[in-house]
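Beneath this line is the structure, given in structure tokens, with notes to follow.
Any read-out appearing in this document is the output of simple, stated calculations on the displayed coordinates, not a laboratory observation. Because the structure is predicted, anything quoted here is derived from the model rather than measured. So basically every Cβ, Gly included, is an ideal-geometry build from the backbone, and we count neighbours across all protein chains shown.
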Amino acid sequence: MSRFHLGLIINPLAGLGGPAGLKGSDGVAAQALALGSAPKAAQRTRTALEGLLPVRERLEFLTFPGSMGAELLADMGFAHRVLEEAGAGPTSAADTRRAVERLQDAGVALILFAGGDGTARDVCAAVREDQPVLGIPAGVKIHSGVYAISPRAAGELTRRLVEGGLVRLASGEVRDLDETALREGRVAARWYGELCVPEEGGFVQQVKQAGVESEELVLSDLAAWLEDSWEPGVRYVFGPGSTLHGLAQNLGLQTTLLGVDVIEDGQVIAEDVNELQLHGLVADHPARLLVTAIGGQGHILGRGNQQISPRVVRAIGLDHLRVVATKRKLATLQGRPLLVDTGDVQLDDAFPDAVRVWAGYKEELLYPLSTGV
């Protein structure tokens, strides 16, 4: 079984200023230590990771030396890789930003980070728009909407993702107080940006109940979202299957049920294309790829859509692939991951451990993906 890859960054200085009455830890960690404060970020992270012990054999963490993650993971028995050698001296904001960049380049499904609002600011400064992250609350100031409500909640939410639970993606605000102003008795908050964070959707129980989700209404909602977000001059490749066929019908477009069709500027420009035709249409043109999952089985590529070949996928780019599936269809997988089997091992290995799934109007889920190895 292939392992699910998670990133972990611990800010070992997070939270030091709280017990010392310093209203935060930014720039005052040494003072807080001198006043007797003890580091707690590792313990808070341990509490979160305890929730992942039942799925430990399915995980591999990518992390950084010593107190930034490797020390704790080794102690808890989690498989992990350290991405760089230990540096001298205490960790810094620059270390956090560099760590985020390294984890993104490595293609982790989710970055877990332990800290406070200052750490969230550093993550926000380096993270890409579509990289899912989740904060483990360990700082003094936790005003940002990117943290789980508790370390245990962070572990539970991550475990649900690994096990194939339906986890919705949302935008969380990063806000931080001006600590200098706070120490002077003034409260001044500032917005620093937004991060892509997983939320507990609570969907699995609902979709098992009859009548909770209407396939027709969901496809109508998805069509409205897509119609609102068409990119001019971009070619949208619709894979085969009833989900995408129904989506096209709701857009007033006639596509083939079992074929691959190409849409540009709201019009079908090519129907039921073969691999050669499709590659010619996307090789030197901006394109997006929409596929769906085979119900109950989970394949998104390599079963019934071989026109979407490895070279077509590479031409479009993995960043431009989106899975379209209702929550009811995902529930038929009973927690099993989505699957890819393109026939190109190198391409299959390049897929992330979790993909974004369009499941409703402006509603995206993060769902596990596997090559079946």
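Listed from fewest to most Cβ neighbours within 10 Å, the set V174, V55 follows the order V55, V174. Rounded to the nearest whole Hz, the Karplus-based 3J(HN,Hα) values (6.51 cos²θ - 1.76 cosθ + 1.60, θ = phi - 60°) of region 297-308 follow the sequence 10, x, 5, 10, 9, x, 9, x, 9, 5, 4, 8, with x at glycine and proline. In region 326-341, whose amide N lies under 14 Å from the spot 7 Å out along Cα-to-Cβ of R58? List them in ranges. Label zone hits: 333-339. Does region 268-373 come out rounded, prolate or oblate by the C-alpha gyration tensor, with a ≥ b ≥ c the root eigenvalues, rounded set by a/c under 1.5 and, if not, prolate when a/b is larger than b/c and oblate if not? Verdict is prolate for region 268-373.
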